[in-house]
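The values are calculated or read from the model by the stated rules, or taken from the named source; none is laboratory data. These numbers come from a predicted model, not from an experiment. So basically every Cβ, Gly included, is an ideal-geometry build from the backbone, and we count neighbours across all protein chains shown.
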């Protein structure tokens, strides 16, 4: 299942509904294939994360879930987010203690995240470019990479243009 959304889309003007629908459809298909349940609360949590290309804290997600009638207890959001992360449908952004939808579900990857300090937009860097550079550096040191978590802070093109 090839991704159709461009990871850098977060920083470009685009029809966001297309990338959201694409990712949600792929997540549901992968869930069915793996025999795991995409319950209504899990689906709604992913929809919330897909509404914008930015990271949301668990309590922001919980607030939205509560408004939609899914309950207001923290385990509701934490369990749904944990399911999404464990199954590759979302990522945890450690620096922000927040979560963002994976724009490439079903693809084996360890993305690097570009996070705009100004507007909070988050984009996944292309896996092959980042992982390749890290593997080359690790090889020169004789180091074997088991897991990658790269979070890059800076300014997105829109915010850079607005401040120019």
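A few points about this structure:
- The number of residues in segment 128-158 that are under 23 Å from residue 96 (Cα atoms) and either surrounded by 12 or more Cβ atoms within 10 Å (Cβ to Cβ) or modelled with pLDDT under 85 (or both) comes to 14.
- For segment 73-80, the criterion of being part of a helix (DSSP H, G or I), over 13 Å from the mean Cα position of the chain (by Cα) and under 20 Å from residue 124 (Cβ atoms) is met by none of the residues.
- Counting only residues that are more than 19 Å from the chain's Cα centre (by Cα) and touching a residue at least 12 places away in the same chain (Cβ under 8 Å), segment 41-70 holds 2 of them.
- Qualifying residue in segment 35-44 (condition: surrounded by 15 or more Cβ atoms within 10 Å (Cβ to Cβ) and within 23 Å of residue 120 (Cβ to Cβ)): yes
- Among the residues making up segment 106-118, those that are touching a strand residue (DSSP E or B) at 6+ places or on another chain (Cβ under 9 Å) and buried (at least 17 other Cβ atoms within 10 Å of the Cβ) are 109, 111, 112, 113, 114, 115, 116.
- Count - residues of segment 122-157 that are part of a loop (DSSP other than H, G, I, E, B) and farther than 24 Å from residue 24 by Cα: 9
- Residue-level check: of (1) crowded, with 17+ Cβ neighbours inside 10 Å; (2) out of contact with any strand residue (DSSP E or B) (no Cβ under 6 Å at 6 or more places or on another chain); (3) over 17 Å from residue 93 (Cα atoms); (4) modelled with pLDDT under 95, residue 4 misses just (1).
- Within segment 85-121, the set of residues being closer than 16 Å to residue 34 by Cβ and either in contact with a helix residue (DSSP H, G or I) (Cβ under 6 Å, 6 or more places away or on another chain) or assigned to a strand (DSSP E or B) (or both) comprises 89, 90, 105, 106.
Residue-wise test of (1) within 29 Å of residue 114 (Cβ to Cβ); (2) at pLDDT 95 or above; (3) surrounded by 18 or more Cβ atoms within 10 Å (Cβ to Cβ).
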residue	(1), (2), (3)
52	yes, no, no
55	yes, no, yes
61	yes, yes, yes
65	yes, yes, yes
71	no, no, no
76	no, no, yes
79	yes, yes, no
82	yes, yes, no
88	yes, no, no
